[in-house]
Amino acid sequence: MTDHVDPRKVSAHVGLRLREFRELAGLRVREVDAALNFSSSRLGRIERGENMPRLSTILDLLYFYDVDAVAASKFFTDLLWVDMRLRAVAAA
């Protein structure tokens, strides 16, 4: 049996962290959209947690933002912890 986890909460966490990485890189949403050939609203929806990006999109963003391996590893580790906490709450 799988515990139900609200995907919006996971998406919100991912979006917030990706926004932080973008801001640290000193980039605007429009610049990222143009460089990665995203639609004009795609990154905004991801950063607001409205859409969960595919792994390939997350990796594209991390590479574009020049996120180092340690920070990227922490991003994915934190994501696993968020998911595990949400699953524990859902199971309770």
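Tell me, which residue of the stretch 29-50 that is under 15 Å from A12 (Cβ atoms) and among the basic types (K, R) is surrounded by the fewest Cβ atoms within 10 Å (Cβ to Cβ)?
R48
Answer yes or no as to whether D60 is on the phi > 0 side of the Ramachandran plot, of a type in the set (D, E, K, R) and modelled with pLDDT of 95 or more.
For D60, the condition - on the phi > 0 side of the Ramachandran plot, of a type in the set (D, E, K, R) and modelled with pLDDT of 95 or more - is not met.
For Y65, all conditions in the list (1) surrounded by 15 or more Cβ atoms within 10 Å (Cβ to Cβ); (2) out of contact with any helix residue (DSSP H, G or I) (no Cβ under 9 Å at 6 or more places or on another chain) hold save one; what is the number of the exception?
Of (1) surrounded by 15 or more Cβ atoms within 10 Å (Cβ to Cβ); (2) out of contact with any helix residue (DSSP H, G or I) (no Cβ under 9 Å at 6 or more places or on another chain), only one is false for Y65: (2).
The values are calculated or read from the model by the stated rules, or taken from the named source; none is laboratory data. In this text the structure is predicted, and so the values were computed from the model without any measurement. We place every Cβ from the backbone using ideal geometry, glycine too, and count neighbours over all the protein chains shown.
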